[in-house]
1. Please name all residue pairs, on different chains or six or more residues apart, with Cβ atoms under 7 Å, provided the first residue is in segment 38-55 and is closer than 13 Å to Tyr80 by Cα and in contact (Cβ under 8 Å) with a residue 24 or more places away in the chain and the second residue is exposed (fewer than 14 other Cβ atoms within 10 Å of the Cβ) and not hydrophobic (A, V, I, L, M, F, W, C).
2. Listed residues Ile145, Ile102; which is of a type in the set (A, V, I, L, M) and under 17 Å from the mean Cα position of the chain (by Cα)?
3. Can you tell me which residue within segment 50-78, out of those that are over 20 Å from the mean Cα position of the chain (by Cα) and modelled with pLDDT under 95, is surrounded by the most Cβ atoms within 10 Å (Cβ to Cβ)?
4. Within the group Arg148, Arg142, Arg154, which residue is in contact (Cβ under 8 Å) with a residue 12 or more places away in the chain, farther than 16 Å from Leu24 by Cα and not aliphatic (A, V, I, L, M)?
5. Which pairs have Cβ atoms under 9 Å, sit 6 or more apart or on different chains, and link a residue in segment 104-124 that is without any contact (Cβ under 8 Å) to a residue 60 or more places away in the chain to one that is part of a helix (DSSP H, G or I) and of a type outside the set (Lys, Arg)?
6. Are any residues in segment 156-174 over 15 Å from Pro125 (Cα atoms) and surrounded by 14 or more Cβ atoms within 10 Å (Cβ to Cβ), and if so, which ones?
7. Are any of the residues in segment 113-136 closer than 21 Å to Thr40 by Cα, at pLDDT 95 or above and among the hydroxyl-bearing types (Ser, Thr, Tyr)?
8. Which of the residues belonging to segment 1-23 are among the hydrophobic types (A, V, I, L, M, F, W, C) and either part of a loop (DSSP other than H, G, I, E, B) or more than 17 Å from the chain's Cα centre (by Cα) (or both)?
Amino acid sequence: MNTACLFTISAPSGAGKTSLIKALLSKKPDTIVVSVSHSTRNKRPGEVDAVDYHFIDVGQFETMVENDEFVEYAKVFDNYYGTARESVESLLESGRHVILEIDWQGARQVKKAMPETIGIFILPPSRATLEQRLTDRATDDRNTIERRMLDADREMSHYHDAEYLVINEDFKQAIYDLECIIHSQGMTLTRQKDKNMALIDSIPEEMV
């Protein structure tokens, strides 16, 4: 029986979500995979179709929306982004745990479409730490950082939508925490019963 699970991982910008997911995938390449989203934006230099995104045009995307083919989608700066149900289900059927790297709004849509989804939210150890990380990037001016902090506050206010909370203070510990969460979901009573049906069937009914 397939014990693969679907996870959404959300976090404010600067919390280290992308780095954590990359590190997790490098440790568990055979058991964990990230679903590739669809997008209508133009492909950037170096990007590969079906690796970075499934690049499609607006007409194709809107047809998929009409056919209810997405578990979540959104329009961002005139471009559409979405996660196709078929992509997710195909990956789950392969036996691998599937991760969707997504914001709180997308995670909420996925949970509604696929109720068994497990939500994980990553937080920095403090707002001050988050602001310092954004500043240390040295890519944004002060006004941009303040705007990013406002966006981060908005994102963090939805941490309670998730089933699990990971605090990324120590990177290695945060990776370990993610591994534990993902592994534990494959060990639930329901999934283990389905996976080991022959053993379970051999056990007598509850005896007094």
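1. So the pair list comes out as Ser39/Asn79; Thr40/Asp57; Thr40/Asn79; Arg41/Asn79.
2. Details: Ile145 fails: under 17 Å from the mean Cα position of the chain (by Cα).
Matching residue, one of Ile145, Ile102: Ile102.
3. So in segment 50-78, the residues over 20 Å from the mean Cα position of the chain (by Cα) come out as 56-68, 77-78.
So of that shortlist, the ones also modelled with pLDDT under 95 come out as 77-78.
Numbers: Phe77: 5, Asp78: 8.
Checked segment 50-78; the qualifying residue surrounded by the most Cβ atoms within 10 Å (Cβ to Cβ) is Asp78.
4. Working: Arg142 fails: in contact (Cβ under 8 Å) with a residue 12 or more places away in the chain; Arg154 fails: in contact (Cβ under 8 Å) with a residue 12 or more places away in the chain.
The match here is Arg148.
5. Listed by first residue and then by second, the contacts come to Arg108/Asp161.
6. The initial filter retains those residues of segment 156-174 that are over 15 Å from Pro125 (Cα atoms), namely 158, 160-164.
Those that are over 15 Å from Pro125 (Cα atoms) and surrounded by 14 or more Cβ atoms within 10 Å (Cβ to Cβ): His158, Asp161, Ala162, Glu163, Tyr164.
7. First pass over segment 113-136, keeping only residues closer than 21 Å to Thr40 by Cα: none.
No, there is no match, as no residue in segment 113-136 is closer than 21 Å to Thr40 by Cα, at pLDDT 95 or above and among the hydroxyl-bearing types (Ser, Thr, Tyr).
8. Pass one, segment 1-23, residues among the hydrophobic types (A, V, I, L, M, F, W, C): 1, 4-7, 9, 11, 15, 20-21, 23.
Within segment 1-23, Met1, Ala4, Cys5, Ala11, Ala15 meet the criteria.
The values are calculated or read from the model by the stated rules, or taken from the named source; none is laboratory data. Fair warning: this is a prediction, and the values are worked out from it, not measured in the lab. Here the Cβ is made from the backbone with ideal geometry for all residues, glycine too, and neighbour counts use every protein chain on show.
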